[in-house]
1. Tell me which of Ala62, Tyr35, Met143 sits at the most positive position along the dipole axis of the chain, charges placed on C-beta atoms (Lys, Arg +1; Asp, Glu -1).
2. Apply the Karplus parameterisation 6.51 cos²θ - 1.76 cosθ + 1.60, with θ equal to phi minus 60°, to every residue of region 7-17 and state each ³J(HN,Hα) to the nearest whole Hz, in sequence, with x for glycine and proline.
3. So if the hydrodynamic radius of region 91-173 is defined as the Kirkwood radius over C-alpha pairs, what does Stokes-Einstein give as its diffusion coefficient at 10 °C and 1.306 mPa s, in µm² per second?
4. So how far apart, in nm, are the two label points at Gln133 and Val149 if each is 7 Å from Cα heading toward Cβ?
5. Calculate the FRET efficiency for Asn169 and Lys76 from the Cβ-Cβ distance with a Förster distance of 41 Å, rounded to the nearest 0.05.
6. Compute the Cα gyration tensor for region 1-56, then decide on rounded, prolate or oblate, letting a ≥ b ≥ c be the square roots of its eigenvalues: rounded whenever a/c is under 1.5, prolate when a/b is larger than b/c in the other cases, and oblate in all that remain.
7. Rounded to the nearest 500, what is the chain's calculated 222 nm mean residue ellipticity when only DSSP H runs of at least 4 contribute -39500 (n - 2.57) each, over all residues?
8. Mind checking the full-extension length gain between Tyr35 and Lys61? Use 0.36 nm per residue of separation minus the Cα-Cα distance, one decimal, nm.
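Bear in mind that the values in this text are calculations on the coordinates, not laboratory data. All values derive from a computational prediction rather than experimental measurement. Quick reminder, even Gly has a Cβ in these numbers, built from the backbone with ideal geometry, and neighbours come from all protein chains shown.
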Amino acid sequence: MAIEISPKLRIKVPMWTIIVGAVLLILLIGFTAAYFYFVFYINKISQELEEKNITTVPLEKAITEKEAELEPISQKIDDFDRLFVQHKKTINIFTFLERICLPTVWFSDFGFNSDTGKINVSGQADSFVTLEQQILVLEQELMVKNLDVSEVSMSDEEEVNFTFLITLNPEIFK
């Protein structure tokens with residue numbers, strides 16, 4: 001018996017199938033590499049988040065403690081603000097009296113009630129005409145709500161003694 005060698009038939013594979021197979025193999029390798037890369041990257045980010053959470057917990061506690069420390073100070077600031085807004089500037093009264101007082105009129109006694117905004121002043125003028133002019137000046141002043149004149153008398157030196165009760169507009173204290 002003789003051995004016959006038969007030629008092996010070669011299967012012809014079209015070129016497009018080889019190209020498609022190579023592209024699919026490259027895509028498979030790329031997707032697998034991308035999958036492992038993203039798994040590694042997600043794990044790394046998760047660790048960083050955990051580390052930051054560990055460091056933020058003491059920070060949050062410290063912030064809460066500082067807020068507790070600052071609360072009384074904030075209350076004091078609010079109280080001071082309320083006092084400052086309600087504070088009346090009584091120095092304006094002296095400026096007001098200095099501005100409206102005639103040169104020949106002087107005040108010898110002064111009383112002030114900040115609750116009612118009333119000034120009680122006693123003084124002297126050189127004549128009744130000067131006293132009348134002083135009364136007119138006070139009545140024309142916008143800061144004067146009411147003016148009461150009392151205890152008008154003539155002294156031995158021929159000076160006129162008087163007492164004013166002046167009710168002031170609250171705007172003068174601002």
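1. The residue sitting most towards the positive pole is Tyr35.
2. Each residue of region 7-17 in turn: x, 7, 7, 8, 8, 8, 9, x, 5, 5, 5 Hz.
3. Reported coefficient: 123 µm²/s.
4. Simple spin-label model gives 1.4 nm for this pair.
5. FRET efficiency, Asn169 to Lys76: 0.80.
6. oblate
7. Details: 3 runs with 95 residues, N = 174.
Roughly -20000 deg cm²/dmol at 222 nm, from the helical runs in the chain.
8. Working: separation 26, 0.36 × 26 = 9.36 nm, distance 3.91 nm.
5.5 nm is the gain from fully extending Tyr35 to Lys61.
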